[in-house]
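Below: one structure, written as structure tokens.
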Amino acid sequence: MSDFVLVLNAGSSSLKYSLVDAVTGHEAASGTVQQIGEPSGVLNHSAPSGEQRSERPFVNHADALQAVMDAFTDHGPSLADVTLRAVGHRVVHGGARFSVPVLIDDALVEAVQSLVPLAPLHNPANLEGIATARALFPDLPQVAVFDTAFHQTLPPHAYTYAVPLSLREEHQIRRYGFHGTSYSFVAAEAARVLGRPLSDLNLIVLHLGNGASATAIERGRSVDTSMGISPLEGLVMGTRSGDVDPALHAHLHRQLGWSIDDVDRVLNRESGLRGLSGYNDFRDVDRWRQFGDEGPMLAFDVFCYRIRKYVGAYYAVLGTVDAVVFTAGVGENAASMRAAALSGLERLGIAVDGERNDQRSDEPWLISPEGSEVAVLVVQTNEEWEIARQAMAVVGSAG
């Protein structure tokens, strides 16, 4: 018998959903609702019956989720015909409090609410999704799976910022890290492919999508990660700058009269690949740089250079490395980026085989030369399946 979990990821104006078999990872249906709260909205529902699209205003997340339930009823699979065991919610920020997935109750909701100052754009939307799903499924267990939880194993010397004690203690200023469900899934998959226990491996995992981060994983535990108190720090991303001098904020205020909100908007929404090239999609950057377009060429080089820096830094953190792992949309599909990002690291035992790298597969594959000291892998992430598995682990233990 299958154990299905409805996985929900509520954004400020969007709702992503998947109906996932927690045992096999089979996705029975998935979809998105976009432009919630705007004059026109779009629901895309993908099921064995085909792709369905409907357009109408969605007043709020409750309206959107009810439309999703109607899509299941009208286009399948009917939720009444599957063994729906839980609803799994992606919650972006769990602060220092949550290191594991948690069964949702009123106390959990209050705790997530208290963390809104750390994630003002994400946690309120996550809370709306939770409230809506609890109203629609009052008798179904609901589980919060935190993006930050995987990184709660960071040692103090890695998560501590060199700022006054009052800021660290009273305002929870520290490194948290994100993409935790992806790292949890991909690290386990890498261990499976290598045929070794995760507890025996040191990995550098590169989650490269529109959001991008790097993590050093020592024997299954995150010991350093590139994102910080927010997802802005670290690697260059689609629209986020990644690392900049913190004094940039004051400089832009003095020179241009920008407010903190102005600087925040530019660094989060107008920088990264978009700021360097005019394109936030790496596919566009890669395509136009091959035509000699100066902006995309620079964007490609900066993107790859920042990755190489972090790989070198995390090699130093770990001491020994068994594998470098690429994942997420860019990491899984951009062969040219993978080769460029690891170029020059042969002295560290890290190399990419051109022929293997140019291959494509629906399964994880090795792109390093035979006999390399450090394996280089491409592993497809599956955050929805990981959320479903973690939700079922909580429901099973609670039962």
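Data for the structure
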quantity	calculated
Near pairs, Cβ below 6 angstrom, 6+ apart or cross-chain, from the range 141-153 (closer than 12 Å to Ser213 by Cβ) to any residue that is among the β-branched types (Val, Ile, Thr)	Asp147/Val92; His151/Thr225
Among residues of the range 158-181, those that are part of a helix (DSSP H, G or I) and either more than 22 Å from the chain's Cα centre (by Cα) or surrounded by 24 or more Cβ atoms within 10 Å (Cβ to Cβ) (or both), counted	8
Of all residues in the range 39-92 being of a type in the set (Val, Ile, Thr) and at pLDDT below 90, the one that is surrounded by the most Cβ atoms within 10 Å (Cβ to Cβ)	Val82
Test for Leu273: is it assigned to a loop (DSSP other than H, G, I, E, B), hydrophobic (A, V, I, L, M, F, W, C) and buried (at least 21 other Cβ atoms within 10 Å of the Cβ)	no
Total residues in the range 381-399, condition under 29 Å from Val311 (Cα atoms) and either of a type in the set (Val, Ile, Thr) or surrounded by fewer than 17 Cβ atoms within 10 Å (Cβ to Cβ) (or both)	2
Residues of the range 324-378 that turn out to be of a type in the set (D, E, K, R), surrounded by fewer than 21 Cβ atoms within 10 Å (Cβ to Cβ) and in a helix (DSSP H, G or I), as a count	6
The range 312-323 - residue that is hydroxyl-bearing (Ser, Thr, Tyr) and assigned to a helix (DSSP H, G or I) and, of those, surrounded by the most Cβ atoms within 10 Å (Cβ to Cβ)	Tyr314
Qualifying residue in the range 107-114 (condition: hydroxyl-bearing (Ser, Thr, Tyr) and not in a helix (DSSP H, G or I))	no
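The values are calculated or read from the model by the stated rules, or taken from the named source; none is laboratory data. Bear in mind that the values here come from a model prediction, so they are computed numbers and not experimental data. All Cβ positions, even for glycine, are placed from backbone atoms using ideal geometry, and neighbour counts span all protein chains on display.
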